[in-house]
1. Of all residues in segment 175-190, which are in contact (Cβ under 8 Å) with a residue 12 or more places away in the chain, surrounded by 12 or more Cβ atoms within 10 Å (Cβ to Cβ) and of a type in the set (A, V, I, L, M, F, W, C)?
2. Mind checking which pairs have a first residue in segment 79-104 that is under 22 Å from Q51 (Cβ atoms) and a second that is among the small types (G, A, S) and crowded, with 21+ Cβ neighbours inside 10 Å, Cβ under 8 Å, 6 or more apart or different chains?
3. Looking at segment 69-98 only, could you name the residues that are in contact with a helix residue (DSSP H, G or I) (Cβ under 7 Å, 6 or more places away or on another chain), assigned to a helix (DSSP H, G or I) and not charged (D, E, K, R)?
4. Scan (1) of a type in the set (S, T, N, Q); (2) modelled with pLDDT under 95; (3) farther than 21 Å from I170 by Cβ for the single condition S14 breaks and write down its number.
5. All but one of (1) of a type in the set (S, T, Y); (2) over 19 Å from I175 (Cα atoms); (3) surrounded by 15 or more Cβ atoms within 10 Å (Cβ to Cβ); (4) modelled with pLDDT under 90 hold for Y111; which doesn't?
6. Within segment 58-107, take every residue that is polar (S, T, N, Q) and over 20 Å from the mean Cα position of the chain (by Cα) and give me the one that is surrounded by the fewest Cβ atoms within 10 Å (Cβ to Cβ).
7. Find the residue count for segment 29-68, including only residues that are among the aliphatic types (A, V, I, L, M) and either more than 28 Å from M124 (Cα to Cα) or not in a helix (DSSP H, G or I) (or both).
8. Scan segment 84-99 for residues that are at pLDDT 90 or above and either among the hydrophobic types (A, V, I, L, M, F, W, C) or under 19 Å from L140 (Cβ atoms) (or both) and report the count.
Amino acid sequence: MPAVTCPLSISFESLHHTPRQPGQLTNEQVKRYFDEGFVLVKDFFTPEELQPCRDGTAELVDALAERLYKAGKIKNTYRDAGLFQRLTLIEEEFPGTCALLLKEGKIHKAYCDLWVNDRLLNVMEQLVGPEIAGNLLWNLRPKVPSNDETTVPWHQDNCYTLPESLGTLIPVAWIPLLDATVENGCMQVP
């Protein structure tokens, strides 16, 4: 597959992968990342490891639901629905809820803890080396089923950074908090 570039993107063809220390990714997975620009690692985190992020997200959704209810934007906070169903119900009643949650710019400590997970850092080190920095943008991207407004086209996140970062490999770990399926809005690679 040839590299796909845009004016503010990095061409993977221009990157020369330097083998790193062995780690979470196999050599074949690292090669695929550099050849195709992505690699899928199924079940990297256990449900128990992701539960604090789900709980933190539930707290953010709860706070937003309460604000929307008090403002008269929704008639029900759907407190008895599970996290994912709740957000979908609120979005159906008040379109744009997911965007509000995304753009609030709040991040729960559980996400910060996930960032420093040794296995995740090891993957990043396999790709970029030992100098790893994090980016606080887009740490929570809510996606509800059958909603074009929450669909994001395939893109490279270095478009969100300073021009000096162009030409720098900026890998992203996309970690779904529920089983990602076509029906509920999984990432789709063109």
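1. Once the filter is applied, which keeps residues that are in contact (Cβ under 8 Å) with a residue 12 or more places away in the chain, surrounded by 12 or more Cβ atoms within 10 Å (Cβ to Cβ) and of a type in the set (A, V, I, L, M, F, W, C), segment 175-190 yields I175, L177, L178, M187.
2. R79/A65; R86/A65; I90/A65
3. Selection gives L83, L87, I90, T97, C98.
4. Checking S14 against (1) of a type in the set (S, T, N, Q); (2) modelled with pLDDT under 95; (3) farther than 21 Å from I170 by Cβ, the one that fails is (3).
5. Of everything listed in (1) of a type in the set (S, T, Y); (2) over 19 Å from I175 (Cα atoms); (3) surrounded by 15 or more Cβ atoms within 10 Å (Cβ to Cβ); (4) modelled with pLDDT under 90, Y111 misses just condition (2).
6. That would be N76.
7. The total comes to 8.
8. Just the residues of segment 84-99 that are at pLDDT 90 or above, to begin with: 85-97.
After this cut, where a residue has to be either among the hydrophobic types (A, V, I, L, M, F, W, C) or under 19 Å from L140 (Cβ atoms) (or both) as well, the list is 85-91, 94-97.
Count: 11.
The values are calculated or read from the model by the stated rules, or taken from the named source; none is laboratory data. Here the structure is a predicted model, which is why all the values come from computation and not from measurement. Don't worry about glycine lacking a Cβ; one is built from the backbone with ideal geometry, like all the others, and counts go over all protein chains shown.
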